[in-house]
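Following: one structure in structure tokens, then a few remarks.
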Amino acid sequence: MNDILPDQTPVWQYLEDTVRQILGAYGYQEIRMPIVEQTELFKRSIGEVTDIVEKEMYTFPDRNGDNLTLRPEGTAGCVRAAEEHGLLFNQTRRLWYTGPMFRHERPQKGRYRQFHQIGVECFGMTGPDIDAELLIMTARLWRKLGLAEHTRLELNSIGTAQARREFRLALVDYLTGFRSELDGDSQRRLDTNPLRILDSKNENTQRLLDRAPKLDDFLDDESRAHFESLKGLLDAAGIAYTVNPRLVRGLDYYGKTVFEWITDSLGAQGTVCAGGRYDALVEQLGGKPTAAVGFAMGMERLILLLETLGLVPASVNGDVDVYVTALGESAVANALALSEQLRNALPGCVVVSHCGGGSFKSQMKKADRSGARYAVILGENEVVAETAALKPLRSGEPQQDVPQAQLAQALSQGLYGA
Ligand code: ATP
Ligand code: MG
């Protein structure tokens, strides 16, 4: 679990703001859920024999003896909240949320025990138009972030629960004959969650799968038609994708469309956004049957990617613009008032007033370390003359005395060229 320190938060804010702006442009509404839910909710939605529920959840009894869990993902809680507050009945919804998620995994690059997602859930639309819109929206985000060339879309349809049941039987039947040749994880999954074997990283297992029954052959007609239409909509929108017949996702609630946006620039932890359709979940959690589709983006991985590729704009740095120093009692009062005037006149400009006293030299050192482009220097003489010394800190230009009434104008010229 990581602390996100002040020098890292500007890039987090940049990513959050960019995503928020794009979601807003598609009519998404934000929802904020608690971080803790009843353990039962995750077991019933994600599935008892998934990696998350079997070994990754932070679960504890609270003082009443209720079993609670730190949310490992957002979909279950979002469905719970939307259902509980009547947001789903007879209406369509485009919702999003962001916040920390918790999974007890082996920490490594791009994989942490507390990580952050931005999640999107759409309700009441049977698709495939909304499936396509989700992917068009994510493609816009990648373009906006400069990631379009560094991400690719993999797509699959995993059909109805019935289709998956039939496929599972055939797959288990086939793989049981090769049980001893499978990797350890896959052997275990053969009894618990055989579909997950499809995305085993083991080469020998993958070779065995070449001749295994194909999920595609078990797809029901409706899922097949849905998938064909979706591909047509993506083609029409100019969204490139590859169909990966072995993409199944690790959570039980998905059906029909599943997808992942993957980057090849981060090594093994390359999935930056993943999701799919989950039409059965709302009913499974006690609501009326409600079509649903969504995805979640991993913030840490996206930030790692932006930093690795040098795509964080230079302006995203949390730097100060103007640092106001003051020497002497009357200068301090003048500095506070002058700083207020500058903030009034220059919205968006970061003005830091030196507080805490100290020598002229130490104040100037702090001004320099703040990253400010200008220092404003006030001493007793300037207070009396109603001027300020304006010192450029990042260029060789000379310091000059400016009437305080004209300081905002001079700074605007220096900072913004106007
Ligand atoms: P993976 O195959 O990488 O374990 P997942 O299938 O468990 O991913 P989801 O539950 O679909 O992932 O979560 C969506 C996204 O959240 C992932 O694509 C990834 O970007 C991010 N994510 C998932 N688990 C972690 C983690 N432990 N640390 C950081 N990011 C994560
Ligand atoms: Mg995982």
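Only the coordinates and a few stated rules stand behind these numbers; no lab work does. Because the structure is a prediction, the values reported are computed rather than measured. Glycine gets a Cβ as well: all are built from the backbone with ideal geometry, and neighbour counts include every protein chain shown.
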### Distance-filtered residues of region 357-396 - backbone nitrogen under 17 Å, label point 7 angstrom along Gln406 Cα→Cβ
377, 382-383, 385-392
### Query
Quick one: helix 9-25 against the long Cα principal axis of the chain, what's the angle to the nearest 10°, folded into 0 to 90?
60 degrees
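Work out the count of Lys pairs in the chain where the Cα-Cα distance is under 17 Å, with the pair 8 or more places apart or on different chains.
Eligible lysine pairs with Cα atoms under 17 Å apart amount to 6.
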## Note on the structure
In degrees, nearest 10, the alpha-carbon axis of helix 75-84 is tilted away from the dominant principal axis of the alpha carbons of the chain by 90 degrees
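For the chain, give the magnitude of the charge dipole about the Cα centre (Cβ charges: +1 Lys/Arg, -1 Asp/Glu; no others), in debye to the nearest 20. Spell out each step's value before the answer.
Values: 46 positive and 56 negative charges, 90 e Å.
Rounded to the nearest 20 debye, it is 440 debye.
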### Query
With θ set to phi - 60° and the Karplus curve 6.51 cos²θ - 1.76 cosθ + 1.60, what are the ³J(HN,Hα) couplings of region 371-388 in order, to the nearest whole Hz, using x for Gly and Pro?
x, 4, 8, 9, 10, 10, 10, 10, x, 4, 4, 5, 4, 5, 7, 6, 10, 9
### Task
Assuming 1.002 mPa s and 20 °C, estimate D for the chain with Stokes-Einstein, Rh taken as the Kirkwood radius over Cα pairs, in µm²/s.
86 µm²/s
### Query
Three principal axis extents, largest first, for the C-alpha atoms of region 322-413, in Å?
29, 26, 24
### Summary
Using eta = 0.890 mPa s and T = 25 °C, Stokes-Einstein with Kirkwood Rh from Cα pairs puts D for region 1-138, in µm² s⁻¹, at 147 µm²/s
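Let me know the volume per residue of the alpha-carbon convex hull for region 137-288, in Å³. Provide the component values of the computation, followed by the final result.
Numbers: hull volume 20.5 nm³, N = 152.
Taking only Cα atoms, region 137-288 has a hull volume of 135 Å³ per residue.
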### Cα long-axis angle, helix 329-345 against the chain (0 to 90 degrees, to the nearest 10)
50 degrees
## Note on the structure
Between the modelled labels at Glu397 and Ala268 (7 Å from Cα along Cα→Cβ) the distance in nm is 5.3 nm
### Task
Take the Cα atoms of region 243-361, find their three principal axes, and give me the spread along each one in whole Å, biggest first.
72, 39, 24
